[in-house]
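Notes follow the structure.
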Amino acid sequence: QSKIRWRMQTYAGPALAEHVIKPAIDSFNKVAGDDMEIELFFADQLVPTGELFRAMQKGTIDAVQSDDDSMASPTEVTVFGGYFPFASRYSLDIPVLFNQYGLNEIWDAEYSKLGVKHLSAGAWDPCHFATKDPINSLADLKGKRVFTFPTAGRFMSQFGVVPVTLPWEDIEVAVQTGELDGIAWSGITEDYTVGWADVTNYFLTNNVSGAWAGSFFANMDRYNELPDHLKELLKLTMDSSHYYRQWWYWGGEAALRVNGTKMKLTTIPDEEWAQVEAAAWKFWDEIAQESETKAKVVNIFKQYNTEMQKAGRPYRYS
Amino acid sequence: MSYELIALLMFSSMMLMLMTGQRVFGAIGAVAALSAVLLWGTGGSDIPFSSAMKLMKWYPLLTLPMFIFMGYILSESKIADDLYKMFHVWMGPINGGLAIGTIGLMVLVSAMNGLSVAGMAIGATIALPELLRRGYDKRMVTGVVQAGSSLGILVPPSVVLVLYAMIARQPVGQLWLAGVIPGLVMAAMFILYIAIRCRLQPELGPALDKSERRVPLSEKLRLLRAGLLPLAIFAAMMVPFVNGWTSLVESSAIGAMAAFTAAILKGRMTKEVFEVSVRQTLAISCMFMWIILAALGFGAVFDGLGAVRAIENLFTDQLGLNPWVILIVMQLSFLVMGTFLDDTAMLVIVAPLYVPLVHALGFDLIWYGVLYTITTQIAYMTPPFGYNLFLMRAMAPPEISLRDIYGSIAPFVGVMLLALTLVMVFPEIALWLPQYVYAK
Amino acid sequence: MPRVIRSYVRIVDAVNHRIGRIMMYGIFVMVAILLWSSFSKTFTLPSLWTLEIAQFAMVTYYILGGPYSIQLGSNVRMDLFYGNWTVRRKAQVDAITIFLLIFYLGVLLYGAIDSTTYSLQYGERSSTAWRPYMWPIKIIMCVGFFLMLLQAISEFFKDIAKIKGLEL
Ligand code: NA
Ligand code: NA
């Protein structure tokens, strides 16, 4: 039998992919040997992000690493991918929600309807603002043109933020050419890794969400064609990728806040930031009213957070 | 099929298609579409279209029609006439002075538009007839206009550097600044060449007659004011941009409007000028955009079929060459390809192959952008295929034959190769200014 | 040449000419959007929609203007050999190679229709804060590619006429 070849496109550019996906794919290819090879392509390399979902559904691309939100999946759960405001506090919240609180099943059902296999969800870093000018209060957010996730952007626009969506690889340039005033797309580790720390001056320590929820997806037919041992190997690969990010981001965020020299830290006082949190609960209820599935997911978030609260320290400190 | 074979097949069939003389975008697009349909597998037929979506998201591409429009306004409305007169009066008394003045004119025109078209049009229609009338050597002046107008893509604003910036994902602002000093250095080298040559052979560029030289000082000063117009247009565009008040794309629109307004204020915006500028802007923008569309499709198919990997592998692993050798080989291959490949096509097809390699070899991509642009300038001018050559052929007065055009460029290409070498050996020539301005 | 073909060429050329003449003023639409963008950014809150509307305008400009640019003969060719051929020889070669251009345009159109169908079926919106529906611009692209295809076929007929020494 001839070697199976998959084309996988990630949402990340080369510098970030070096950490968040490439090591795992390299391992996969080494182990799979003559059975299979996954060819990795970076953000917008083969297909622009806007066309990514359709391309996978049709089989132009075999597999994708992205969040549901940026690739605009036509599902009920898309709004929860990426940064759904205040849905998680730590990166471990995401796998727990998916594996123990039933999100996997909901996602699987939603994507199966569209001929796409939802393979595995994992956590990335928290969502912070990195800007050219300092942000010390909510008023400082007004009129800032910021690259961010669609849903996070829609949510933050009530505080005067102007969300702008551009191809991921063009962000650094856009900050320099004045198309953007800043970025609300990642934690500080990524700001340093992809070069955004070189074009911005300030890092806001308050976050809109504690962890990014992203997934691996595949074209359903192509996935079903895989022999069992390769399906198993794929699962191990994704788990190892998730694990790498857990420690890489967790350690990186702390280390760069303490030792990083390129960005100054600023903070909006907790009392003031509480307005944003309060707006988030309202936003959750608005989203829940949009459909039954969305209500179900919002309920799971609420239940999860209540239980974490009850569990007390170290799960929640407030 | 092996990756190497796919690379070879796609590239050679594209060359073959281009040789037939079919429209460049059709030739490239057809090879992309055929390879996508036959070799990609499931869903390959969607790739050419998805490139159209990719092109749409390339925001800086909006500057392209703006700068083209600006260039046409400048050349069609002849608001550069006074500028020419200024150089004429001030530089005329020296041997070769009018040719030197023409280079000066070209530098100013370059600062107001992003392509070499406008410079070429202004040079060929205003400067060339005047120079010929005054006994300048026709080969010398043809070369001067071609070389001078090529500065249009090195001195900011520059469309070529915008396209390069999108391919290399480098900041346009820094690239533009990186082009400034090399552009001026090259202009200075052209001037030096003309001055020395005309000193040795005064018959190539005789000084103006006494009768023509008698211009009152007040008139001389009045003409000097003509130089303010390009400065004003340049400032209207660059000051808000450099200060971060407007973005790159917005600035290009301001520049286009500034040129438009200047033409109206000077009473030069006739119905015909308006018609030609607007129509030609559509025509040239379409030409560029359709080639970019086809080339993006070609690039995606080429990449997805593994051909890019094959080429990288060839250069780095199999040949095992030293980075500098690879870099020089790449520049040479550009020059060779420039002799038979369309310049825009070259930019959108070859640059995406080379840029990642240059990066992997550890070179600075801003610096390489300048090297790249100078190489493109040379390719623009060298026969048989060159954008500037075509334009020259179309615009030159009848007494200048194709032979003259081809023969005129040799010394200037020599100067440009020298400039290329200088920037290669001393990267600071390009990098000092952007580093100084963007120092955080 | 048969009457049908004559009428085809006349009608297609006239329609595309008309559309192209309208599109060429699109440069002022783009300028206006971008000037509003810088104005609103400086004096009020930045508008959410300018970036995408400008992109849509650019796409409309060059895709719908494409057929007119073919009529104007502005699409460069590599004229290493082509430049030295007679008009008749050029027409002969073009009449063959234009099928490759037609094939490319066909594939573009196929992809555009496929993507537009998806867009309509799922109510696809751009993943930006403004969230415009994507089907209008995709339909414009379908129309543009279709008109380009018609123009390419018209060029083919004109080449055939040139080979036969006729004027169309
Ligand atoms: Na320029
Ligand atoms: Na050339």
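A quick yes/no check of all residues on (1) closer than 24 Å to B:V278 by Cα; (2) modelled with pLDDT of 90 or more; (3) out of contact with any Gly (no Cβ under 9 Å at 6 or more places or on another chain):
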{"site": "B:M10", "(1), (2), (3)": "no, yes, yes"}
{"site": "B:M15", "(1), (2), (3)": "no, no, yes"}
{"site": "B:V37", "(1), (2), (3)": "no, yes, no"}
{"site": "B:T42", "(1), (2), (3)": "no, yes, no"}
{"site": "B:D46", "(1), (2), (3)": "no, yes, no"}
{"site": "B:F49", "(1), (2), (3)": "no, yes, no"}
{"site": "B:M70", "(1), (2), (3)": "yes, no, no"}
{"site": "B:I73", "(1), (2), (3)": "yes, no, yes"}
Checklist line | Filtered residue count, segment A:26-54, keeping only those that are in a helix (DSSP H, G or I) and open to solvent by less than 10 Å² (accessible area, probe 1.4 Å) | finding: 4
Next item on the list: Filter segment A:156-209 down to residues that are open to solvent by 10 Å² or more (accessible area, probe 1.4 Å), more than 14 Å from chain C (Cβ to nearest Cβ) and among the aliphatic types (A, V, I, L, M) and give me whichever is nearest to B:L177 (Cα to Cα).
Entry: A:V173
Margin query: Is it the case, given these coordinates, that C:L34 is in contact with a helix residue (DSSP H, G or I) (Cβ under 9 Å, 6 or more places away or on another chain), within 9 Å of chain B (Cβ to nearest Cβ) and under 22 Å from C:P136 (Cα atoms)?
Written below: yes
Note to self: Given the options C:Q92, C:Q55, name the one that is of a type outside the set (D, E, K, R) and under 24 Å from A:G50 (Cβ atoms).
What the structure shows: C:Q55
Notebook entry, point to check: Given the residues B:L361, B:L365, which is the only one that is away from chain C (no Cβ under 14 Å), closer than 27 Å to A:A15 by Cβ, open to solvent by 20 Å² or more (accessible area, probe 1.4 Å) and more than 16 Å from ligand 2 (Cβ to nearest atom)?
Noted result: B:L361
Checklist line | Selection count where residues are more than 7 Å from every other protein chain (Cβ to nearest Cβ) and within 20 Å of A:K58 (Cβ to Cβ), scope segment C:82-123 | finding: 9
Next item on the list: Scan segment C:32-81 for residues that are over 23 Å from C:I19 (Cα atoms) and part of a loop (DSSP other than H, G, I, E, B) and jot them down.
Entry: C:T44, C:L45, C:P46, C:S47, C:L48, C:W49, C:M78
Margin query: Need the failing condition index for B:P65 against (1) open to solvent by 30 Å² or more (accessible area, probe 1.4 Å); (2) in a helix (DSSP H, G or I), just the number.
Written below: (1)
Item checked: Neighbours by Cβ (under 7 Å, 6+ apart or cross-chain): first from segment B:9-33, hydroxyl-bearing (S, T, Y); second in a helix (DSSP H, G or I) -> B:S13/B:V31; B:T20/C:V93; B:T20/C:T97
Notebook entry, point to check: How many residues does segment C:61-74 hold that are surrounded by fewer than 20 Cβ atoms within 10 Å (Cβ to Cβ) and of a type outside the set (G, A, S)?
Noted result: 2
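Matching residues to (1) closer than 30 Å to B:M287 by Cα; (2) among the polar types (S, T, N, Q); (3) modelled with pLDDT under 80:
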position	(1), (2), (3)
B:I326	no, no, no
B:L332	yes, no, no
B:T344	yes, yes, yes
B:Y354	yes, no, no
B:G362	no, no, no
Note to self: On the basis of being away from every other protein chain (no Cβ under 14 Å), over 30 Å from C:S74 (Cβ atoms) and in a helix (DSSP H, G or I), does B:L229 make the cut?
What the structure shows: no
Item checked: Lone qualifier among B:R214, B:R222, B:R199, B:R169 - being under 30 Å from C:K41 (Cβ atoms), at pLDDT below 90 and among the basic types (K, R) -> B:R169
Checklist line | Residue match in segment C:116-135 (condition: under 28 Å from A:V162 (Cβ atoms), open to solvent by 60 Å² or more (accessible area, probe 1.4 Å) and in a helix (DSSP H, G or I)) | finding: yes
Next item on the list: Give me the pairs, please: first residue somewhere in segment A:32-52 and at the interface with another protein chain (Cβ under 7 Å from one of its Cβ atoms), second residue anywhere and part of a loop (DSSP other than H, G, I, E, B) and open to solvent by 10 Å² or more (accessible area, probe 1.4 Å), beta-carbon distance under 6 Å, and either six or more positions apart or on two chains.
Entry: A:D44/A:P167
Next item on the list: State whether one or more residues within segment B:3-18 are at positive phi, more than 7 Å from chain C (Cβ to nearest Cβ) and open to solvent by 20 Å² or more (accessible area, probe 1.4 Å).
Entry: no
Next item on the list: Within segment C:29-40, count every residue that is open to solvent by 50 Å² or more (accessible area, probe 1.4 Å) and free of Cβ contacts under 8 Å to residues at least 12 places away in the same chain.
Entry: 3
Next item on the list: Output the residues belonging to segment C:58-84 that are without any contact (Cβ under 8 Å) to a residue 12 or more places away in the chain and of a type in the set (V, I, T).
Entry: C:V76
Check: Can we say A:V194 is closer than 30 Å to B:V242 by Cβ, aliphatic (A, V, I, L, M) and over 17 Å from the mean Cα position of the chain (by Cα)?
Finding: no
Check: Do we find that B:Y406 is within 15 Å of ligand 2 (Cβ to nearest atom), open to solvent by 30 Å² or more (accessible area, probe 1.4 Å) and in contact with a helix residue (DSSP H, G or I) (Cβ under 8 Å, 6 or more places away or on another chain) in this structure?
Finding: yes
Notebook entry, point to check: From the list B:L353, B:L389, which residue is surrounded by fewer than 23 Cβ atoms within 10 Å (Cβ to Cβ), farther than 15 Å from B:L151 by Cβ and within 16 Å of ligand 2 (Cβ to nearest atom)?
Noted result: B:L389
Check: Do we have B:G338 as small (G, A, S), in contact with a Gly (Cβ under 9 Å, 6 or more places away or on another chain), within 16 Å of ligand 1 (Cβ to nearest atom) and open to solvent by less than 50 Å² (accessible area, probe 1.4 Å) here?
Finding: no
Margin query: Among the residues in segment B:327-340, are any over 23 Å from the mean Cα position of the chain (by Cα), at negative phi and not in a helix (DSSP H, G or I)?
Written below: no
Next item on the list: Find all pairs meeting these conditions: Cβ atoms under 8 angstrom apart; at least six residues apart or on different chains; first residue within segment B:69-87 and over 30 Å from C:V29 (Cβ atoms); second residue open to solvent by 30 Å² or more (accessible area, probe 1.4 Å).
Entry: B:D82/B:L229; B:L83/B:L108; B:L83/B:L229; B:Y84/B:E130; B:M86/B:L224
Next item on the list: Grab the helices (runs of 4 or more DSSP H) fully contained in segment A:170-259, keeping just those with 2 or more residues being more than 23 Å from A:G153 (Cβ to Cβ).
Entry: A:220-225, A:228-259
Next item on the list: Hey, can you tell me all the residues within segment B:270-324 that are within 8 Å of another protein chain (Cβ to nearest Cβ) and at positive phi?
Entry: B:G306
Next item on the list: Run B:M346 past the list (1) away from ligand 2 (no atom under 16 Å from the Cβ); (2) outside any loop (DSSP other than H, G, I, E, B); (3) farther than 23 Å from C:I63 by Cβ and report the number of the one that doesn't hold.
Entry: (1)
Checklist line | Every residue from segment C:1-28 that is closer than 30 Å to A:F147 by Cα, open to solvent by 10 Å² or more (accessible area, probe 1.4 Å) and in contact (Cβ under 8 Å) with a residue 12 or more places away in the chain | finding: C:G26
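The values are calculated or read from the model by the stated rules, or taken from the named source; none is laboratory data. For clarity, every value in this text was computed on a predicted model and none was experimentally measured. Ideal geometry is used to build each Cβ from the backbone, glycine not excepted, and the neighbour counts take in all protein chains shown. Please note that ligands, DNA and RNA were not included when accessible areas were found on the heavy atoms of the full protein model with its side chains. Shrake-Rupley method; radii C 1.70, N 1.55, O 1.52, S 1.80 Å.
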